[in-house]
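Peer 1: Attaching a single structure in structure tokens format; questions to follow.
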Amino acid sequence: MKFKKKILCIGAGYVGGPSMAIIAYKCPDCKVTVVDINHERIDAWNSNELPVYEPGLDKIIKKTRGKNLFFAKDIEKQIKENDIIFVSVNTPTKTFGTGAGMAADLQYWEKTARQILENSQASKVVIEKSTLPVKTALAMEKILNSAKGKIRFDVLSNPEFLAEGTAIEDLENPDRVLIGSHETRSGLKARQELVDIYSKWVPSEKIITSNIWSAELSKLVANAFLAQRVSSINSISALCEKTDADISEVAKAVGMDSRVGSKFLKAGIGFGGSCFKKDILNLVYLCSYYGLKEVADYWESVVKINEYQQDRFIANILRSMFNTLAGKKICILGFAFKANTGDTRESPAIYITRKLLMEHAEIIISDPQALKNAASDLAGVKGSIKYVEDPYRAASGCHAIAILTDWDLYRKLDFRKIYKSMVKPAFLFDGRNIIDHKKCFAIGFNVYPTGKPALSHFKTENNS
Ligand code: NAD
Ligand code: UGA
């Protein structure tokens, strides 16, 4: 079959895989190839056990793989053969040198740019899909256009806004698709080419275009605003615990103001995931770089509140369990950074588990999708850790349960059965406020929600 467009994506991760699968699914006249330096990942994309757990993804892959969606290892050949190249490689926080712990590490990004340059024999449109500091396209262009000759590269910024766990839904019905380009003749032509692809399934009013720097910056700012809401509500949850106010009631009342909106106001153990922290720190670094100290400090406080919230959760466990956890068994329900994903990158569960182990607690971790990643995150960490998928078996014989991920299945557990199997007094710390606290208290648990009064059977603590 002759395809109208040949599209390549470099980077077959959480973004590259699902986003290209949707383009292939919605544009049967396009041939989409995804490559990666990680060959194990490519093998997994070509197998029945995909490297990413995402509801609905397997169905889309089954419909497209081998027809107009291909996962390949021959990066150089694919660069030669494709005209439109998305770059979706990882852009983690730098761990060394200037900007360590703050700035984005652009080494993978730059390697890709050089590889595109070395292997291109014709002009191409190169699209930034990774999240990058504003002005990165300038560096990309400098590298790509360093070769003399007739080949031209048009660089576009098309940041991805999907959230894990709802990636397919988000890709099929995005709130918006943002395409930044230079406002030159060739920049506008390249932009139109990408608009044509998205127009196959995204309504035109949702495809917005901008200058390239606005597009790069908008992505960082969108994540910063979302994370800021989580930190804002978490900061108020601390005040609720001191004043007998209830964070769910406060969030509901505040969120019903249509100017505020009700989403992203769930208090908990803080945000995790591979992007919020890294993108905010990246924004903080950019502000400092441009001499905007007050702006940098403002955004850095969002990360500080996130750390504070996790420390508060751990301190609450220690204090409530008579200031000693040594030898006590604690069941962690949920290790993924949010529900419906197996991803544990920057999951609050990693930090909380490490801290509990430092108190010599024995940890039993349960999660429906993330146990493999959890074991790799905690490899080499000292202490007693067990991994048990079945939550009932995991909780049996434990002194306490800590709910760290908002998996739906935890809402539906038979807590009476669980209570019977635990050591008494049994403690329940709900880091996500997802279970029926009053019911669990009535069963016999001492219940510690987030941002709500504790429900304890001990006389010295406040009951409500
Ligand atoms: P990821 O680590 O899952 O995937 C990146 C892939 O790129 C890896 O498989 C890696 O092997 C590959 N890679 C690195 N250098 C390469 C090279 N030179 N050639 C070929 N492959 C190479 O990362 P991700 O979660 O998919 O994120 C990718 C980018 O998208 C990041 O910038 C991230 O900030 C952004 N983003 C992520 C999400 C998300 O939900 N995960 C959402 C929106 C945006
Ligand atoms: C986030 C953004 O939502 C996406 O738009 C963006 O594309 C993506 O980052 C990215 O750039 O990587 P993601 O991290 O996958 O997506 O998941 P979110 O749903 O945003 O949740 C992030 C964290 O915040 C999770 O740990 C979640 O549990 C926590 N959260 C979220 C809360 O604690 N409370 C809330 O009300 C909402």
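The values are calculated or read from the model by the stated rules, or taken from the named source; none is laboratory data. For clarity, every value in this text was computed on a predicted model and none was experimentally measured. Glycine gets a Cβ as well: all are built from the backbone with ideal geometry, and neighbour counts include every protein chain shown.
Peer 1: Going residue by residue through the range 79-99, is there one that turns out to be in contact with a Leu (Cβ under 9 Å, 6 or more places away or on another chain), within 22 Å of Leu220 (Cα to Cα) and more than 15 Å from ligand 1 (Cβ to nearest atom)?
Peer 2: no
Peer 1: Does any residue in the range 425-445 that is without any contact (Cβ under 8 Å) to a residue 24 or more places away in the chain come within less than 6 Å, Cβ to Cβ, of a residue that is of a type in the set (Val, Ile, Thr) six or more places away or on a different chain, and which pairs are these?
Peer 2: Listed by first residue and then by second, the contacts come to His437/Val447; Phe441/Val447.
Peer 1: Under 22 Å from Gly397 (Cβ atoms) and surrounded by fewer than 20 Cβ atoms within 10 Å (Cβ to Cβ): which single residue out of Thr353, Thr324 fits that description? Full working, then the answer.
Peer 2: Working: Thr353 fails: surrounded by fewer than 20 Cβ atoms within 10 Å (Cβ to Cβ).
Selected residue: Thr324, the only one of Thr353, Thr324 that is under 22 Å from Gly397 (Cβ atoms) and surrounded by fewer than 20 Cβ atoms within 10 Å (Cβ to Cβ).
Peer 1: Restricting to the range 139-174, what's the tally of residues that are more than 24 Å from Lys189 (Cα to Cα) and either charged (D, E, K, R) or away from ligand 1 (no atom under 11 Å from the Cβ) (or both)?
Peer 2: 6
Peer 1: In the range 248-275, what residues are more than 16 Å from ligand 1 (Cβ to nearest atom) and among the small types (Gly, Ala, Ser)?
Peer 2: Residues of the range 248-275 that are more than 16 Å from ligand 1 (Cβ to nearest atom), as a first pass: 248-263, 265-270.
Within the range 248-275, Ser248, Ala251, Ala253, Gly255, Ser258, Gly261, Ser262, Ala267, Gly268, Gly270 qualify.
Peer 1: Within the range 199-207, is even one residue in contact with a Lys or Arg (Cβ under 9 Å, 6 or more places away or on another chain) and closer than 28 Å to Tyr351 by Cα?
Peer 2: No: zero hits.
Peer 1: Further, regarding this structure: Could you list, in sequence order, all residues of the range 113-130 that are part of a strand (DSSP E or B) and not hydrophobic (A, V, I, L, M, F, W, C)?
Peer 2: Filtering the range 113-130 down to residues part of a strand (DSSP E or B) leaves 124-128.
Answer for the range 113-130, where residues must be part of a strand (DSSP E or B) and not hydrophobic (A, V, I, L, M, F, W, C): Lys124, Glu128.
Peer 1: Name the single residue that is nearest to the chain's Cα centre (by Cα) among those in the range 58-112 being modelled with pLDDT of 95 or more, in a loop (DSSP other than H, G, I, E, B) and farther than 30 Å from Tyr290 by Cα.
Peer 2: Lys73
Peer 1: Within the range 13-44, count every residue that is away from ligand 2 (no atom under 16 Å from the Cβ), outside any helix (DSSP H, G or I) and not acidic (Asp, Glu).
Peer 2: Count: 10.
Peer 1: Further question: Would you check if Phe458 is over 31 Å from the mean Cα position of the chain (by Cα), surrounded by 17 or more Cβ atoms within 10 Å (Cβ to Cβ) and not in a strand (DSSP E or B)? Spell out how you get there, then give the answer.
Peer 2: Values: over 31 Å from the mean Cα position of the chain (by Cα): yes; surrounded by 17 or more Cβ atoms within 10 Å (Cβ to Cβ): no; not in a strand (DSSP E or B): yes.
So Phe458 fails the test.
Peer 1: Still on this model: Go over the candidates Ile330, Ile363, Ile317, Ile352 one by one and state the one that is touching a strand residue (DSSP E or B) at 6+ places or on another chain (Cβ under 6 Å), aliphatic (A, V, I, L, M) and within 18 Å of Asp406 (Cα to Cα).
Peer 2: Of the residues listed, the single one that is touching a strand residue (DSSP E or B) at 6+ places or on another chain (Cβ under 6 Å), aliphatic (A, V, I, L, M) and within 18 Å of Asp406 (Cα to Cα) is Ile330.
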